[in-house]
Amino acid sequence: MLERIIDNGELTKLHALIDGVSRIVITCHKKPDGDAIGSSLALCMVLRKLGKNATVIIPDQLAASLSFVAENFDYVTFSRNEVMAGNIIRNTQLIIALDYNCLDRVGGMTQLLLSSSVPKVLIDHHLNPDKCFEVMISHPELSSTCELVYRLIVESGWQSLVDKDIASSIFVGIMTDTGNLSFSSSYPEVYEVMADLMRYGIDKPRLYKMAMDTVSLDSLLLQSYALLNKMTVTDNEYALIVLDKNDLEKFNYKTGDTERLVNRPLSVKGIKWSTFMREDSTCIKVSMRSEGDFAVDTLCSTYFNGGGHKHAAAGEFSGTLEEAISLYHNIVEHIKKDR
């Protein structure tokens, strides 16, 4: 049996809020990953089984590589239908934030959420959450928000509502956020959660194949090109991959095509910090991964207006790509001097 970890006071407040409303909006961060979409869909399905009119609204387009998770589920994409999404948010009675710790992580939806006077609930595993939520269920020690959602379901007495679809969504979120249990999963109970989910008859081989081992040809070619032509390594320890707009256009880039690219350099012995920079239409997207004692969350929060976890973080840079690269090299020099 899983240890009860959610504060009873917060759980009681959450139940009271849910019991007192009929319309609920579930939101996640922009560029939703497997954990964000998996936790959102799973909780929404549970709430619908509880008789609630629950709607998932994601800020922008779901990556093609994750579309299988939501293939039989109705959700709203804000960037594609701002009018509908805005009306739903303005008329909801409760907002639940999943897999993000502050409201500026939801892109164009931020102002709508900030201006809403209805109660807001945080369910998340990132560090340093904002204090703007009436209920805060925050557990940075857990592998993923999906694991937290499953624990919430169990501790709420809703486990009988879990079915194969709910279990599959949660399973995908844990699998993708831990690299198939290769990181952020060094304590026993996450394996108990995964075992529980398997008992619902999920198709584990298919879920792994779709989430972790399926890419488009363009994505495969783009990532191969990036590793061969756009990666530099400093002192055999620090890897940097940079893709500009021309690179992306050459390989017909779509959202999600560079997923897990930033992890690849860490497979080389000796490399402990990997950074990926991608030129976007409005900024430079920055992703970082690391190993051992090397923390990247502080680097992203300090220099790139972002954050995340010790070994996996992301942010943005508002200047040019050349300026972002220069800043990166300055950071490397600071790190080397501080040794």
In nanometres, the difference between 0.36 nm per residue of separation and the alpha-carbon distance of ARG206 and TYR303 is 31.0 nm
DSSP beta bridges in the chain: the antiparallel percent, rounded to 5, is 40
per DSSP, antiparallel bridges as share of beta bridges in segment 217-337, % nearest 5, sits at 75
Neighbour-count ranking for VAL56, VAL242 (other C-beta within 10 angstrom, fewest to most) reads VAL242, VAL56
Whole-percent tail of the Cα-Cα distance distribution for segment 125-246, cut at 16 Å, equals 71
Taking only the Cα positions of segment 1-147, the convex hull volume per residue in Å³ is 118
Reduced to Cα centres, the span from segment 223-248 to segment 163-217 in Å works out to 29
What helix-only [θ] at 222 nm does the chain give? Using -39500 (n - 2.57) per DSSP H run of at least 4, over all residues, to the nearest 500, the answer is -11500 deg cm²/dmol
Expected max-MSF residue from ILE88, ILE123, ILE26 in the GNM of the chain (alpha carbon, under 10 Å) is ILE88
TRP158 and LYS337 label points (each 7 Å along its Cα→Cβ direction) are spaced in nm at 5.2
Taking Cα atoms only, helix 8-19 is inclined relative to the longest principal axis of the chain by an angle, in degrees rounded to 10, of 70
Between THR282 and CYS132, the two model label points (7 Å from Cα along the beta-carbon direction) sit apart by a distance in nm of 1.6
Going through LYS131/LYS310; LYS131/LYS204; LYS120/LYS209; LYS31/LYS52; LYS164/LYS272; LYS30/LYS131 one by one, the pairs whose alpha carbons sit over 32 Å apart turn out to be LYS131/LYS204; LYS120/LYS209; LYS164/LYS272
Candidate cut points under trypsin sites (Lys or Arg not before Pro) in segment 172-233, DSSP loop plus at most 15 other Cβ atoms within 10 Å of their own Cβ, are ARG199
Dimensionless Rg/Rh of the chain, both radii on Cα and Rh by Kirkwood, sits at 0.96
Residue separation between SER216 and GLU192 times 0.36 nm, minus their alpha-carbon distance, gives in nm 5.3 nm
Taking only the alpha carbons of segment 217-337, the radius of gyration and the largest Cα-Cα distance, Dmax, both in angstrom, are 13.4, 42
Simple spin-label estimate for THR234/ASN91, 7 Å along Cα→Cβ, in nm, reads 5.3
Checking segment 6-81 for trypsin sites (Lys or Arg not before Pro) in a loop per DSSP with at most 14 other beta-carbon atoms within 10 Å yields ARG80
Segment 260-322 and segment 91-147 have their Cα centres apart by a whole-number Å value of 23
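Could you compute the FRET efficiency for ASN53 and TYR225, with r as their C-beta to C-beta distance and R0 at 56 Å, rounded to 0.05?
Rounded to the nearest 0.05, the efficiency is 0.75.
Values quoted throughout were computed directly from the atomic coordinates according to the rules given, and no laboratory measurement underlies them. Note that this is a predicted model, so its numbers are computed, not measured. All Cβ positions, even for glycine, are placed from backbone atoms using ideal geometry, and neighbour counts span all protein chains on display.
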